[in-house]
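The values are calculated or read from the model by the stated rules, or taken from the named source; none is laboratory data. Everything numeric in this text was worked out from a predicted model, so none of it was measured. Here the Cβ positions follow ideal geometry from the backbone for every residue, glycine too, while neighbour counts run over all protein chains shown. Side chains included, ligands, DNA and RNA excluded: accessible areas come from the protein's heavy atoms. Shrake-Rupley method; radii C 1.70, N 1.55, O 1.52, S 1.80 Å.
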Amino acid sequence: MTLTRRTFLGTTASATMAVCSRPHATDREPPDDDAARQTVTPTPHSTSANVADRFDPWIEVDTANLHFNVASLRALAGGRDNIIAVVKNNAYGLGLVETARRLEPLTSIVGFAVVKTDAAITLRDAGIRKPVLHMGICCLGDAQELIARNVALSLYTDDAPTIIRELATRVGRPIAAHAYLDTGLGRLGMPHHRALPWLQALAQTNAVEIQGTFMCFSEDLAFDQEQLRRLVAFADTARSQALPVGALHAASSTAMFHLPAATLDLVRPGMSLYGGYPHTPDVERQRAELRAALRFRCRVVRVEQILPNETVGYGRKYVATAPTWVATLPAGHVDGVSRKAVDGARVLIGDRTYPMIGAVSASHCIVEVGPDRTVNIGDTATLLGPDHPDIWPNSIERMCGASVYDLLMHINPALPRVYT
Ligand SMILES: *Cc1c(COP(=O)(O)O)cnc(C)c1O
């Protein structure tokens, strides 16, 4: 099919105007009550009225799918209300505050966990009331900010008894904290083999309220079992000496799927809440259904036909072997599109998916449309989402080798987000 000037103008007239309200006339408008329920985290120049009308990329968060995943994970973790939602790294791309707001009303969500100090402070200052656990270390000043906001600290350093005494003196009450054990990951935590005298010293300060004891698995499925044994052995010994351990927790998404005994008192999923299978998707899908809770979208900005031996993209890696249409999307690696996407990822435009080709540049990527011009300027392109199996996060991971963790967490936090 060749494109005449008339069909070009006919299909894309509004899209090519300098100012346009709706780039593509066939896109459905949300019903009014939907629009009213939406929340948009604005950028300096976006409003709820225009984010999804723009060509520039935006993120849509699907609250129904988020809640669906929570229900699936609750069932997986024994059907109890025992989920600490890990919302670190901007809630894996979904947006920290608005995602926490949508999780907080669920009774199965008993609290939140983050790694960075600012995230914990942001949650509280945005009005999140359920328990928040800071799973890192921070300076004394920040610790006071966290304590003032009723954020539980993680303790694991040798000087924790001294620090906790100092903090309790400053604020005039015992400090709520979780003991963080290293059972073999070798990243953070008090090494389990010397944690008992350390916990004794902590308890003797009378300056700490140990609300929990936790660890992080190495996600080597055989060694995870040994790590779990170490945690349970530590807790048994501590309890036998009347030392407080609080609620035991260890399981992130992978252990929830592969090591049921790791459910303990609480579970700490991140990725699976947002619809990504963490480790072995084909196995995990049999155990619990998850749905992508976000859509990464933008609108097509250019559609052109190229001839055999013509190329697209930096480095000229894609060479046409037959006449083909190619479409340019205004989303690149700065926005969070993986550079690996050109190794096999597909993009949903209309009801079909198309391969990413050439090279992902900072602000653009290119898709191969094929011999027919089935794509128009202004069409919505979905790079990640629940709407087609080819663009599920784990499908993109399988097709191009970019981890689901990178695909979600590397989405630029500055992109506007629409919450439905
Ligand atoms: C990130 C993280 C989690 C959640 O891991 P997922 O694999 O995303 O479920 C749990 N615990 C700790 C300590 C983490 O850093």
Worksheet, complete the sentence: Flagged in segment 268-284 as more than 9 Å from the ligand (Cβ to nearest atom) and buried (at least 23 other Cβ atoms within 10 Å of the Cβ), in numbering order, are Gly275, Tyr277
Discussion item. Being more than 13 Å from the ligand (Cβ to nearest atom), under 24 Å from the mean Cα position of the chain (by Cα) and in contact (Cβ under 8 Å) with a residue 12 or more places away in the chain is the requirement here; does Ala292 meet it?
Written reply: yes
Discussion item. Given the criteria within 16 Å of the ligand (Cβ to nearest atom), surrounded by fewer than 19 Cβ atoms within 10 Å (Cβ to Cβ) and at pLDDT 95 or above, does Val87 qualify?
Written reply: no
Practice prompt. Look at segment 171-215 and say how many of its residues are in a strand (DSSP E or B), of a type outside the set (D, E, K, R), touching a Phe, Trp or Tyr at 6+ places or on another chain (Cβ under 8 Å) and under 15 Å from Asp158 (Cβ atoms).
Written response: 4
Worksheet item: Identify, please: which residue in segment 252-267 is assigned to a loop (DSSP other than H, G, I, E, B) and more than 8 Å from the ligand (Cβ to nearest atom) and is, among those, most open to solvent (accessible area, probe 1.4 Å)?
Response: Asp265
Discussion item. Consider segment 204-252. How many of its residues are under 16 Å from Val267 (Cα atoms) and charged (D, E, K, R)?
Written reply: 2
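Can you go through Ser108, Ser72 and tell me which one is touching a strand residue (DSSP E or B) at 6+ places or on another chain (Cβ under 7 Å) and surrounded by fewer than 23 Cβ atoms within 10 Å (Cβ to Cβ)?
Values: Ser72 fails: touching a strand residue (DSSP E or B) at 6+ places or on another chain (Cβ under 7 Å).
Answer to the selection: Ser108.
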Discussion item. Please pick out the residue among Tyr314, Tyr318, Tyr354, Tyr419 that is closer than 24 Å to Asn89 by Cβ and either among the hydroxyl-bearing types (Ser, Thr, Tyr) or free of Cβ contacts under 8 Å to residues at least 60 places away in the same chain (or both).
Written reply: Tyr419
Practice prompt. Could you list all residues from segment 214-249 that are in contact (Cβ under 8 Å) with a residue 40 or more places away in the chain, surrounded by fewer than 17 Cβ atoms within 10 Å (Cβ to Cβ) and β-branched (Val, Ile, Thr)?
Written response: Thr237
Item to complete: Among the candidates Leu407, Leu415, single out the residue that is buried (at least 21 other Cβ atoms within 10 Å of the Cβ) and within 16 Å of the ligand (Cβ to nearest atom).
Response: Leu407
